[in-house]
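Heads up: the structure comes next, in structure tokens.
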Amino acid sequence: MDERSLSEVWNNVLGTQPDPPRWLVLTAAVLALIAVVPHAVWRISRNVVTIAHEGGHAAAAVLSGRRLTGIRLHSDTSGVTVSKGKPYGPGMVATGVAGYITPSLLGLLGAGLLTAGRITAMLWLAIVGLAALLVMIRNFYGVLSVAVTGGLVFVVSWFGTPEVQAGFAYAFTWFLLLGGARPVVELQRLRRRGQAPHSDADQLARLTGLHPLLWVALFAFVALTCLLLGVRWLLN
């Protein structure tokens, strides 16, 4: 990395890039659907959603004054974020709510940046976020998942042509918007079968006294709202 290269990257991060052609945006959406809909593919791609999910728990914990002690990501795409503080109160509620809504909110943030022509900025914000998350991972699989995801984004942002960067950024954003909704559906399916007694929704119910379905409905509302807004922005 020479000084000129760093200067060019910095200028790209601060500047704007031209809108990609319509066909590239639509192709990115199709690729995202392929990553979310087929179960065999989703078993792998869901790891990225889990990273965002646990990152949301971690960010909410820190912002609410709790002390973050570690994050673990598992090969079955589950994860756990551990923080210290009062086992009740607004901080715990905020931490519990953040998980399921974060992937969709990140997708909407990405859509906003792409609509503003900030393609490179969107990619480098993802790298910074993944790097910050990496230092709190406490198991090998988690480190591997975050490092591979961050490495892929870095390779595209550093070596990719403008067209490749745009296609990847749009596909990644579409994926977060679509992938943020599917876990909510899966959550309620598991709850209906009695297979998720310790889900985020059930833990929030115990903290607040509100029925778990209300929390699932909140997760679904945020995911659907972000998806609809994201589609409107990206296809505008």
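Data for the structure
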{"item": "Residue ID - nearest to residue 174 (Cα to Cα), chosen from residues in segment 10-25 that are in contact (Cβ under 8 Å) with a residue 24 or more places away in the chain and open to solvent by less than 80 Å² (accessible area, probe 1.4 Å)", "result": "25"}
{"item": "Subset tally (residues that are touching a Gly at 6+ places or on another chain (Cβ under 7 Å) and under 21 Å from residue 12 (Cβ atoms)) for segment 102-128", "result": "3"}
{"item": "Cross-chain or 6+ apart pairs with Cβ under 9 Å, segment 58-78 first and more than 25 Å from residue 46 (Cβ to Cβ), then assigned to a loop (DSSP other than H, G, I, E, B)", "result": "64/85; 64/89; 65/85; 66/85; 66/86; 67/85"}
{"item": "Some residue of segment 38-51 being aliphatic (A, V, I, L, M), over 15 Å from the mean Cα position of the chain (by Cα) and either surrounded by 17 or more Cβ atoms within 10 Å (Cβ to Cβ) or farther than 18 Å from residue 178 by Cα (or both)", "result": "no"}
{"item": "Total residues in segment 24-80, condition closer than 20 Å to residue 185 by Cα and of a type in the set (S, T, N, Q)", "result": "5"}
{"item": "Selection count, segment 92-116, where residues are open to solvent by less than 20 Å² (accessible area, probe 1.4 Å) and either modelled with pLDDT under 95 or in contact with a Cys (Cβ under 7 Å, 6 or more places away or on another chain) (or both)", "result": "2"}
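Let's see how each residue does on (1) closer than 19 Å to residue 114 by Cβ; (2) of a type in the set (Ser, Thr, Tyr); (3) in contact (Cβ under 8 Å) with a residue 24 or more places away in the chain:
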site	(1), (2), (3)
176	yes, no, yes
184	no, no, yes
189	no, no, no
198	no, no, no
212	no, no, no
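The values are calculated or read from the model by the stated rules, or taken from the named source; none is laboratory data. Bear in mind that the values here come from a model prediction, so they are computed numbers and not experimental data. Heads up, the Cβs are rebuilt from the backbone with ideal geometry, glycines too, and the neighbour counts pull from every protein chain shown. The accessibility values were calculated without ligands, DNA or RNA, using every heavy atom of the protein model including side chains. Shrake-Rupley method; radii C 1.70, N 1.55, O 1.52, S 1.80 Å.
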